[in-house]
1. If you stretched the chain out fully between LYS65 and ALA261, how much longer would it get, using 0.36 nm times the residue separation minus the C-alpha to C-alpha distance?
2. When the expected Rg is taken as 2.2 N^0.38 Å, what fraction or multiple of it is the alpha-carbon Rg of the range 2-385?
3. Please give the contour-minus-distance gain from ASN87 to LEU222: 0.36 nm per residue of separation, less the Cα-Cα distance, rounded to one decimal in nm.
4. Multiply the residue gap between HIS339 and ASN80 by 0.36 nm, knock off their C-alpha separation, and tell me the result in nm, one decimal place.
5. Just list whichever of LYS56/LYS380; LYS120/LYS316; LYS40/LYS152; LYS23/LYS309 have alpha carbons separated by over 21 Å in the model shown.
6. With a point put 7 Å past each Cα toward its Cβ, work out how far GLN253 is from GLU373 in nm, to one decimal.
7. Under a plain spin-label model, where a point goes 7 Å from the Cα along Cα-to-Cβ, how far apart in nm are GLU140 and LEU160?
8. What's the center-to-center distance, using Cα atoms, between the range 18-73 and the range 188-256 in Å?
Amino acid sequence: MNYDAIAIGAGLSGCSAAIQLAKLGYRVLLLEQAHYPIHKLCGEFLSVEVIAAFEKLGILDQVRKVGAQPIHRAYLTAANGASFRSNLPSTALGLSRYQLDLMLFQRAQSLNVDCFDSTKVLGVTGDLSTGFKVNTTKGEFTGRVVLGAFGKRSPLDRTLDREFIQKRSPWIAYKGHFTGVDIGDVIELHSFPNGYCGLSQIETGEINVCWIAHERVNKEDLDPSLGIPSSLAKNPVLADRFANMQRVSPSLQGLSQITFALKGNFHNDICMIGDTAGMITPLCGDGMAMALRSAEIAVPFVSQFLDQKIDGNIFKKQYAIAWKQEFQTRLQLGRMMHHCFVQPTLANVGVNICEKLPALGNWIIGATRGSAEPIPDDYKQQLQSVG
Ligand SMILES: Cc1cc2nc3c(=O)[nH]c(=O)nc-3n(C[C@H](O)[C@H](O)[C@H](O)COP(=O)(O)OP(=O)(O)OC[C@H]3O[C@@H](n4cnc5c(N)ncnc54)[C@H](O)[C@@H]3O)c2cc1C
């Protein structure tokens, strides 16, 4: 079959694009290397913008049913004990990727998207004028548009010879689910030397513990039962949390060489969305909202191209402009905050300033996320009553 669009990767951006294009009546193929459902490396904190996006995609009811944890407050600390507490501009959610990615994948299936998991894309040839051939572990598929939604780092980046992959990045991240402490409706972010760690509650009541650190932290001794490097416990709040926690995940998930570089909106005429185009630092907790939003930005251009209302060059130019307008400043601010928060002295000064000037702290939280559309009234009430 010749598809109108083929999305590579069934994370947030790939599923969202596939769902929107299927709703517009296009023949869509969604390819995912993993076998769903699966746990993914992520802080699992969903910024408020996602609620309107979930409603448009048709999964909000399911998100409610599984009991996504409402998150109303933020708590930031530095290793020397400085701390800043704030109310979030609006309610955020804690929801595991195990649930969320499956919901989106099944929603795409229900709209007649051809959805293949356990199918790894090995290579892509072709271009926007002649069409594409996508080579996978399950055979070859053809399509008029290919959407690259394969996340922060994939072997496919190397196959495609993308520039960013040539550069080494020292950042390594880990994630696991834990029990033993109750942090309720708070997203916690704790800085430690050369890294930071987020804690937030998900729908099961378990705590997602996710940290990103310079690779030198990875060489340290690990806590024997939790598997956590000793640097994290240099932050007294984290040390206290870990003293009471037990790990639920059989092992921690890790990923090395995480980069926050801009990667380009097109490569070999493949339209890049989500982290494949560029990732915001995890400190901002907005990567998933941005992945969904980037699909919303790309789809109208894809649709106009498929309907032959614009040619390939206009498609590429206009998507790149729209993407930069929406994300470039946020990504830069995120990178700056990341570099401050991993250095103990700067983290300490930064958190102290936010403590003294809460309006500045609140402005930074707001500036690293998109504008939120209204939440349906009944869900708003439900979220406010749980907390
Ligand atoms: C440590 C850390 C913590 C984070 N915490 C948060 C947080 O709390 N909140 C937040 O909003 N964001 C967070 N993020 C960012 C967030 O995880 C990403 O921005 C988001 O997942 C991007 O979605 P995506 O669709 O672009 O990519 P993904 O969700 O990563 O999806 C990409 C998909 O492509 C598939 N794939 C890859 N290669 C191939 C191939 N060759 N063939 C087929 N399929 C392929 C992968 O298996 C994957 O399913 C965090 C990131 C990190 C590194």
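1. Full extension from LYS65 to ALA261 adds 66.9 nm.
2. In units of the globular-protein estimate, the range 2-385 measures up at 0.97.
3. 45.2 nm
4. Going from the current span to full extension adds 91.5 nm.
5. With Cα atoms farther than 21 Å apart: LYS120/LYS316.
6. Output for this residue pair reads 2.8 nm.
7. 2.0
8. 26
Every number here is computed from the coordinates shown, using simple stated rules; none is lab data. In this text the structure is predicted, and so the values were computed from the model without any measurement. We place every Cβ from the backbone using ideal geometry, glycine too, and count neighbours over all the protein chains shown.
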